[in-house]
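Inspection log for the structure reproduced underneath, given as structure tokens.
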Amino acid sequence: MSALAMTVLLHFIDVFGTFVFALSGATVGVRHRFDLFGVFVLAFVTAVGGGCVRDLCLGATPPAGLINVEYLVCVIIAIMLITFFQKIVFSFEKPALFFDALGLGFFAAFGANKAYVHTHEIFFSILMGCISAVGGGCIRDILTGRSPVILTKEIYASAALIGAWIQILGSSGVIPPQYSIWLAIGSCTAIRMVSLRYNITLKTITNKYLD
């Protein structure tokens, strides 16, 4: 795969992942009976929150999520879908979980690659990939008064870490990058979906001294 083709692919992954997460945030906003502005805020922070945190950590300012018009278009389209095709969107609850997991894989791979291009630091890039993937959802959960998914037993952030690690294998040249990006996305998505399907969770530490 040529450098141009890889650049186009990464751009598509970034935009599609933004749309998927925007739709996820908009759906949560509607479920919580937020007004139009509230739904927009949730959709926007879910879509670009993680990327903004990543860019701030990289010193890549202003963050792409705040200046890229394509991201705003993704958010607007997501809100239009949840407004005019709400019944259809909500009827696809299981597909929505799949697309959320797919977005998780997209952002983990894209974020890790962007961080590695900027720093060439392996562990930092893996962490940034994870933050790109889960940061927006974490902000969304806080705004809606829920415990962030990454702090519960669900396998979410750990799936993003694995996806980011696989992508770094490609970004650093250990495996061909044209394969690593699909392997990273597929692995992260599969881990998330399998954990949901079979209710696989991480073990919690029980406080034996609570009444």
Residue hits (segment 1-39; open to solvent by 30 Å² or more (accessible area, probe 1.4 Å), in contact (Cβ under 8 Å) with a residue 40 or more places away in the chain and aromatic (Phe, Trp, Tyr)) are 16, 19
| request: Return yes when residue 34 is more than 28 Å from residue 172 (Cβ to Cβ) and in a loop (DSSP other than H, G, I, E, B) and no when it is not. | output: yes
Per the list (1) open to solvent by 60 Å² or more (accessible area, probe 1.4 Å); (2) touching a helix residue (DSSP H, G or I) at 6+ places or on another chain (Cβ under 6 Å), residue check on residue 129 breaks on (1)
Hey, residue 204 modelled with pLDDT under 90, of a type in the set (Ser, Thr, Tyr) and farther than 23 Å from residue 64 by Cβ or not: yes
When segment 165-198 is checked residue by residue, the ones that are open to solvent by 50 Å² or more (accessible area, probe 1.4 Å), among the hydroxyl-bearing types (Ser, Thr, Tyr) and in a helix (DSSP H, G or I) are 179
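Assess whether residue 122 counts as being of a type in the set (A, V, I, L, M) and touching a Ser or Thr at 6+ places or on another chain (Cβ under 7 Å).
yes
Condition check ((1) buried (at least 23 other Cβ atoms within 10 Å of the Cβ); (2) polar (S, T, N, Q); (3) within 17 Å of residue 125 (Cα to Cα)) across all residues:
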{"site": "41", "(1), (2), (3)": "no, no, no"}
{"site": "45", "(1), (2), (3)": "yes, no, no"}
{"site": "48", "(1), (2), (3)": "yes, no, no"}
{"site": "51", "(1), (2), (3)": "yes, no, yes"}
{"site": "54", "(1), (2), (3)": "yes, no, yes"}
{"site": "58", "(1), (2), (3)": "no, no, yes"}
{"site": "66", "(1), (2), (3)": "no, no, no"}
{"site": "76", "(1), (2), (3)": "no, no, no"}
{"site": "80", "(1), (2), (3)": "no, no, no"}
Checked segment 133-156 for anything of a type in the set (A, V, I, L, M), open to solvent by 20 Å² or more (accessible area, probe 1.4 Å), assigned to a helix (DSSP H, G or I) and closer than 24 Å to residue 113 by Cβ; matches are 139, 149, 150
Per the filter on segment 43-98, residues farther than 21 Å from residue 109 by Cα and touching a Ser or Thr at 6+ places or on another chain (Cβ under 7 Å) are 82, 89
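The values are calculated or read from the model by the stated rules, or taken from the named source; none is laboratory data. All of these numbers come straight from a predicted model, not from anything done at the bench. When we count neighbours, we look across all protein chains shown, and the Cβ atoms used for this are built from the backbone with ideal geometry, even at glycine. Each accessible area value is taken on the protein alone, full model and side chains, heavy atoms only, with ligands, DNA and RNA left out. Shrake-Rupley method; radii C 1.70, N 1.55, O 1.52, S 1.80 Å.
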